[in-house]
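One structure is given below, encoded as structure tokens.
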Amino acid sequence: MGRPPIGIRKMEPKERQRAYDARQREKRRRQEEEHRETYNALQEVQREVSTLEYRIQLQDEEEIHKQLRAENDRLKTKNYKLNADNRKLRDEVHNLKICEIELRREILMLKEGKYTKLKETERSTLVKLLGVLGSNFGDRDVAAIKIGELRKRIDKAWDDIL
């Protein structure tokens with residue numbers, strides 16, 4: 001080996017150790033800086049991922065809300081239809097109860113012998129003629145005569161008709 005090149009002097013072991021330690025510190029500092037930059041970049045990426053996950057979650061929630069609203073609307077429509085059907089059934093039950101009461105009354109009247117039922121055509125004719133009796137014109141005289149004729153034709157007394 002010989003002589004060191006010009007301008008480079010031979011270092012003492014302590015100096016060599018200090019230079020080595022300085023190089024190692026510089027190397028560690030650069031590595032720490034790279035680690036810090038990598039860590040900061042990783043943190044930034046994690047924030048972006050979190051933001052994207054949140055947006056996806058919001059979109060999923062919005063989609064779920066849309067589906068729930070659609071299901072709610074469908075159920076409201078079904079409920080409305082069921083309520084309408086329920087009203088119809090209640091009306092039908094009410095009408096059936098009225099018919100039952102009328103039938104029980106008719107059966108009771110027939111058992112007691114106080115009641116003779118008119119035919120439907122005779123009854124409707126009588127109802128129409130009785131309606132004409134409320135007229136302010138000369139029609140009521142004719143209606144009264146027709147009612148009397150109807151009573152004679154069906155051969156029933158007023159007591160039986162009423």
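The values are calculated or read from the model by the stated rules, or taken from the named source; none is laboratory data. Everything quoted here is computed from the prediction, not taken from an experiment. Don't worry about glycine lacking a Cβ; one is built from the backbone with ideal geometry, like all the others, and counts go over all protein chains shown.
So, in region 1-39, of the ones that are charged (D, E, K, R) and part of a loop (DSSP other than H, G, I, E, B), which residue ends up modelled with the highest pLDDT? Reasoning before the result, please.
Of all residues in region 1-39, those charged (D, E, K, R) come to 3, 9-10, 12, 14-16, 18, 21, 23, 25-30, 32-34, 36-37.
After this cut, where a residue has to be part of a loop (DSSP other than H, G, I, E, B) as well, the list is 3, 9-10, 12.
Details: ARG3: 61, ARG9: 68, LYS10: 74, GLU12: 83.
Here the residue is GLU12.
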Index of the failed condition, LEU133 passing every other in (1) in contact with a Lys or Arg (Cβ under 8 Å, 6 or more places away or on another chain); (2) at pLDDT below 80; (3) of a type outside the set (Val, Ile, Thr): (2)
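Please specify each residue of region 136-159 satisfying the condition of being in a loop (DSSP other than H, G, I, E, B) and surrounded by 13 or more Cβ atoms within 10 Å (Cβ to Cβ). Full working, then the answer.
Kept after step one, since they are in a loop (DSSP other than H, G, I, E, B), are these residues of region 136-159: 136-138, 155-157.
Hit for region 136-159 is LYS156, nothing else.
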